[in-house]
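The values are calculated or read from the model by the stated rules, or taken from the named source; none is laboratory data. Keep in mind that what you see is a predicted model, and the values were worked out from it rather than measured. Here Cβ is always computed from backbone atoms with ideal geometry, including for glycine, and neighbour counts include all displayed protein chains.
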Ligand SMILES: C[S@@+](CC[C@H](N)C(=O)[O-])C[C@H]1O[C@@H](n2cnc3c(N)ncnc32)[C@H](O)[C@@H]1O
C-alpha cells in the first residue's frame with residue numbers, strides 16, 4: 001500500500017471524527033510517557049500521535065517520527081516546524097529496519113504493524129533499539145469484521161502479535177481494552 005499521497009492520507013488520518021474511536025488523549029495517557037523520555041512513533045504517518053507524544057515528553061525529551069515513506073517524512077518535518085516542536089526528529093526507516101538512532105524508552109506502533117513485510121526480522125532490529133526497560137506499544141485492528149479498518153486479510157490477530165513479541169524476548173505487560181476496533185498491547189523485556 002502506498003502512503004505517498006499525503007493530502008489523501010491527511011484527510012483520512014486527521015479527520016476530526018477519528019477521535020471518536022481512536023481516543024488519542026486516552027491512548028497517550030495510558031502510555032504513561034514521562035517528561036524527558038525518548039519515544040519512537042514508528043509508522044508515524046501524518047503525525048496524528050507524534051504531536052501529542054511530543055507534548056508529553058516536553059522540550060527535554062525526544063520523539064523520533066519514524067516512517068519509510070519520504071513524502072510522509074517531509075510532511076512530518078513541516079508539521080514539527082509549524083507546531084514549534086523541535087523535539088520531533090524525522091527518521092527514514094527501511095521496510096525491514098526502523099533504524100532507531102539511539103535506544104528508546106518507548107516504541108509506539110499504531111496502525112502500522114500489520115503493514116510490515118518481514119515482521120520477525122523487523123522486530124529483532126526494533127528490540128535492539130530498546131533501552132533495558134524499554135517498552136513497545138502496539139495499537140492495531142482486531143481481526144474481525146468491523147464497520148471501519150483494513151481488509152480482513154490484511155489484519156493480524158492480537159495473539160499473532162503476542163507470539164511475534166515473545167520470539168524476540170518481549171512479554172505482554174498490559175492490555176488496554178477501551179478502543180472499540182483495535183487492540184492496545186504494551187510489552188516489556190522478558191526477565192530471566
Ligand atoms: C496506516 S498509517 C498509520 C499512521 C499513524 N501511526 C496513525 O495511526 O495515524 C501507516 C504508516 O506506516 C508507514 N509504514 C509502513 N511500513 C513501514 C515500515 N516498515 N517502517 C516504517 N513506517 C512504515 C506508512 O508509510 C504510513 O505512514
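I want to confirm something. Restricting to the stretch 86-104 and keeping residues that are in contact with a helix residue (DSSP H, G or I) (Cβ under 9 Å, 6 or more places away or on another chain) and farther than 19 Å from residue 69 by Cα, which single residue is surrounded by the fewest Cβ atoms within 10 Å (Cβ to Cβ)?
Looking at the filtered set, the residue picked out is 86.
Residues that are within 16 Å of the ligand (Cβ to nearest atom) and under 24 Å from residue 33 (Cα atoms): find the strands (runs of 3 or more DSSP E) completely inside the stretch 115-190 holding 2 or more of those. Don't jump to the end; show me each part of the working.
Values: elements: 130-141, 170-176, 182-189.
It comes to 130-141, 182-189.
Considering only the stretch 98-114, how many residues are within 13 Å of the ligand (Cβ to nearest atom) and part of a strand (DSSP E or B)?
Of the residues in that region, 4 qualify.
Of the residues that sit in the stretch 10-23 and are without any contact (Cβ under 8 Å) to a residue 60 or more places away in the chain and within 27 Å of residue 97 (Cβ to Cβ), which one is farthest from the ligand (Cβ to nearest atom)?
Step one: filter the stretch 10-23 for residues without any contact (Cβ under 8 Å) to a residue 60 or more places away in the chain, giving 11-20.
When the remaining residues are screened for being within 27 Å of residue 97 (Cβ to Cβ), the result is 12-13.
Working: 12: 9, 13: 4 Å.
The qualifying residue farthest from the ligand (Cβ to nearest atom) is 12.
Are any residues in the stretch 27-44 in contact (Cβ under 8 Å) with a residue 60 or more places away in the chain and within 14 Å of the ligand (Cβ to nearest atom), and if so, which ones?
27, 31, 39, 40, 41, 42, 43
Check 58, 36, 43, 47 and return the single one that is touching a helix residue (DSSP H, G or I) at 6+ places or on another chain (Cβ under 6 Å) and at pLDDT 95 or above.
Numbers: 58 fails: touching a helix residue (DSSP H, G or I) at 6+ places or on another chain (Cβ under 6 Å); 36 fails: touching a helix residue (DSSP H, G or I) at 6+ places or on another chain (Cβ under 6 Å); 43 fails: touching a helix residue (DSSP H, G or I) at 6+ places or on another chain (Cβ under 6 Å).
Going through 58, 36, 43, 47 in turn, just one is touching a helix residue (DSSP H, G or I) at 6+ places or on another chain (Cβ under 6 Å) and at pLDDT 95 or above: 47.
If we scan the stretch 59-67, do we find a residue that is away from the ligand (no atom under 14 Å from the Cβ), surrounded by fewer than 17 Cβ atoms within 10 Å (Cβ to Cβ) and either touching a residue at least 60 places away in the same chain (Cβ under 8 Å) or over 16 Å from the mean Cα position of the chain (by Cα) (or both)? Step through it out loud before you land on a result.
Start the filter on the stretch 59-67 by keeping residues that are away from the ligand (no atom under 14 Å from the Cβ), which leaves 59-62.
The next check asks that each one be surrounded by fewer than 17 Cβ atoms within 10 Å (Cβ to Cβ); those that pass are 59-60.
Pick out the ones that are also either touching a residue at least 60 places away in the same chain (Cβ under 8 Å) or over 16 Å from the mean Cα position of the chain (by Cα) (or both) and you get 59-60.
Checking the stretch 59-67: at least one residue is away from the ligand (no atom under 14 Å from the Cβ), surrounded by fewer than 17 Cβ atoms within 10 Å (Cβ to Cβ) and either touching a residue at least 60 places away in the same chain (Cβ under 8 Å) or over 16 Å from the mean Cα position of the chain (by Cα) (or both).
Of the numbered conditions (1) without any contact (Cβ under 8 Å) to a residue 24 or more places away in the chain; (2) more than 10 Å from the ligand (Cβ to nearest atom), residue 73 fails exactly one; give the number of that condition.
(2)
Could you pull out the residue among 82, 92 that is farther than 24 Å from residue 1 by Cβ and without any contact (Cβ under 8 Å) to a residue 60 or more places away in the chain? Break it down into steps so the answer makes sense when it comes.
Numbers: 92 fails: farther than 24 Å from residue 1 by Cβ.
None of the others qualify; the one that does is 82.
Filter the stretch 45-55 down to residues that are more than 10 Å from the ligand (Cβ to nearest atom) and under 15 Å from the mean Cα position of the chain (by Cα), then give me how many there are. Give the derivation first.
Step one: filter the stretch 45-55 for residues more than 10 Å from the ligand (Cβ to nearest atom), giving 51-55.
Checking the rest, the ones that are also under 15 Å from the mean Cα position of the chain (by Cα) come to 51-54.
Qualifying residue count, the stretch 45-55: 4.
Return the only residue of 128, 120 being touching a helix residue (DSSP H, G or I) at 6+ places or on another chain (Cβ under 7 Å), surrounded by fewer than 17 Cβ atoms within 10 Å (Cβ to Cβ) and modelled with pLDDT under 95. Quick ask: steps written out before the conclusion?
Details: 128 fails: touching a helix residue (DSSP H, G or I) at 6+ places or on another chain (Cβ under 7 Å).
After ruling out the rest, the residue left standing is 120.
Which pairs turn up if I take residues in the stretch 107-126 that are at positive phi and in contact (Cβ under 8 Å) with a residue 40 or more places away in the chain and look for partners that are surrounded by 17 or more Cβ atoms within 10 Å (Cβ to Cβ) and part of a loop (DSSP other than H, G, I, E, B) with beta carbon separation below 8 Å, at least 6 apart in sequence or on another chain?
Once the first residue is at positive phi and in contact (Cβ under 8 Å) with a residue 40 or more places away in the chain and sits in the stretch 107-126, its partners that are surrounded by 17 or more Cβ atoms within 10 Å (Cβ to Cβ) and part of a loop (DSSP other than H, G, I, E, B) give 111/43; 111/45.
Those residues that are part of a loop (DSSP other than H, G, I, E, B) and in contact with a strand residue (DSSP E or B) (Cβ under 6 Å, 6 or more places away or on another chain), I need them from the stretch 44-67; list them, please. Step through it out loud before you land on a result.
Step one: of the stretch 44-67, the residues part of a loop (DSSP other than H, G, I, E, B) are 44-49, 58-61.
Those that are part of a loop (DSSP other than H, G, I, E, B) and in contact with a strand residue (DSSP E or B) (Cβ under 6 Å, 6 or more places away or on another chain): 44, 49.
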